[in-house]
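Below you'll find the structure, written out as structure tokens, and then a few comments.
The values are calculated or read from the model by the stated rules, or taken from the named source; none is laboratory data. Being a predicted model, the structure only gives us computed values, none of them experimental. Reconstructed Cβ throughout: ideal geometry from the backbone, glycine too, with neighbour counts over all protein chains shown. Please note that ligands, DNA and RNA were not included when accessible areas were found on the heavy atoms of the full protein model with its side chains. Shrake-Rupley method; radii C 1.70, N 1.55, O 1.52, S 1.80 Å.
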Amino acid sequence: MQNKAETSSRLSDSTSRFGRVSIALHWLTACLIFSMFALGLAASYWPFDTAETLATKARLFSFHKTLGVLTFFVAALRILWRLTQPRPAALAQGGRLQHFAAETVHWSLYVALVAVPLTGWVHHAASTGFAPILWPLGQGLPFVPKSLEWAAVFGKLHYVFNIVLASSIALHVVGALKHHVIDKDETLRRMLSSRVEILSGLRAAASHRASVFAAAVVWCGAAGLAVSLAMAGKDQATSASAAPALTAVPSDWVVQDGQLGITVSQFGQALEGHFADWTAAISYSDTPQDGVYGEVSVTISIPSLTLGSATQDALSPDFLDVANHQTAQFSGPIVAAEDGFRVAGTLQLREISAPVDVLFDLAIEDGVATASGAAVLDRRDYNMGAAYDDEASVGFGVDITFDLVATQ
């Protein structure tokens, strides 16, 4: 009975030592953090010039994100445990400044343990596709929309918060080594074993308000810096990829509202996006001539593409090559189809022309036309993604959809 009681008491903390639960959570958190850092750095710098290297990069990011979610829950458990336990007293060595610095680092670490994985998780949930979290509970988060703006802000928060985390860990390690090597006290050893107790030379409990305030200042500054970087990055991306808005073209039917969508497959997941800027010249008559009801000519602004987390990759030289090709053109006659209409057209993309059939439905009432349709392209017809020669990484098919309302 005495051994059981002693074992039970060793699980909890006291004012003179850390218990086994705190010690286990401390070192488990440390292992997870260092593993996340290693995987994150490896994934960020891993090449993606072939299908094989892109798949490896995605797997590394998936492992990194999965460990991040696990770290979030372990950190939350550690903080909850900390709140229920008495706080082991610090040693009396060192002046007020040293203890203030140590307390500030500890509070910064506690915030970082939650903030870093949480911002990474929100960034993932706000993005579309690429490197899923390896669990069966879905990829989204409640109240987090799929949004490039959200993804950009939380991506920068995650980046800057990682710097705060790494700095706090470095200061924490330096402080522990100073206690162990220079002061030669029990500070580090009592985090290695619950049997190590410090019964004398302890510092009296003091207010933590100053150190909490200092840590809050650090985190507010980090958050402000991250948001500023996100806004600056948005402005740079806009200026770098923006092209002059397409000029309206003469048309028998004028598009009043419309959506031009695109869907691609990346690692078996559908990525949906759209082109924000496009023009259409449309002629149509209910009475066909030689089987032709009219003609369609569409010009698409390539820089206006939004495709979730793959936007920049899609605009890169391997794919749409926006630096050298600002627009794509599609044109063709409108003819009857088995169930609706068809534009037997040609799409010119990257200075390559290939036939494309667009099937669509059309309804006209009181001079207002409503149309919706779809087409399927093969990226290989336009020499896009030549290095990705299988569909395991990037699918060959590209689905194009449109919905529009036009007036005559």
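Just a few scattered comments:
- Charges were assigned to the Cβ only: +1 to each Lys and Arg, -1 to each Asp and Glu. The resulting dipole of segment 269-408 about its Cα centre is roughly 340 debye.
- Accessible carbon and sulfur surface of the chain relative to its total accessible area, %, 1.4 Å: 63
- The string of couplings for segment 344-351 from the Karplus curve (6.51, -1.76, 1.60, θ = phi - 60°) is 8, x, 10, 9, 9, 9, 6, 6 Hz, one whole number per residue in order, with x for Gly and Pro.
- For segment 50-64, Karplus couplings with θ = phi - 60° (6.51, -1.76, 1.60), whole Hz, Gly/Pro x: 9, 4, 5, 5, 5, 5, 5, 4, 5, 5, 4, 5, 4, 4, 4
- Solvent-accessible surface of the chain, taken per residue with a 1.4 Å probe and all protein chains present: 54 Å².
- Ordering of 279-287, 136-144 by burial proxy (mean other Cβ atoms within 10 Å per residue, highest first): 279-287, 136-144
- Here the Karplus relation 6.51 cos²θ - 1.76 cosθ + 1.60, evaluated at θ = phi - 60°, turns the backbone of segment 357-362 into coupling constants of 9, 10, 9, 8, 9, 9 Hz, with x for every Gly and Pro.
- Note on segment 347-404: with charges restricted to the Cβ of Lys and Arg (+1) and Asp and Glu (-1), its dipole about the Cα centre is near 240 debye.
- Unit Cα scatterers, Debye sum, segment 49-189: log10 I(q)/I(0) for q = 0.12 Å⁻¹: -0.64
- Each distinct pair of alpha carbons in the chain adds a 1/r term; the inverse of their mean, the Kirkwood radius, is 25.6 Å.
- For the pair residue 259 and residue 185, a Förster radius of 60 Å applied to the C-beta separation gives a FRET efficiency near 0.35, rounded to the nearest 0.05.
- As a rough guide to protection, the peptides 117-127, 261-271, 36-46, 176-186 ranked by mean Cβ packing within 10 Å, highest first, stand as 117-127, 261-271, 36-46, 176-186.
- Total lysine pairs under 25 Å (Cα atoms) in the chain, excluding pairs fewer than 8 apart on one chain: 10
- Label-to-label distance, residue 231 versus residue 85, with points set 7 angstrom from Cα along the beta-carbon direction: 4.2 nm.
- Label-point separation, residue 354 to residue 247 (7 Å along Cα→Cβ), nm: 3.1
- Note on the chain: helix-only mean residue ellipticity at 222 nm, from DSSP H runs of 4+ residues weighted -39500 (n - 2.57) and normalised by residue number, equals -14500 deg cm²/dmol.
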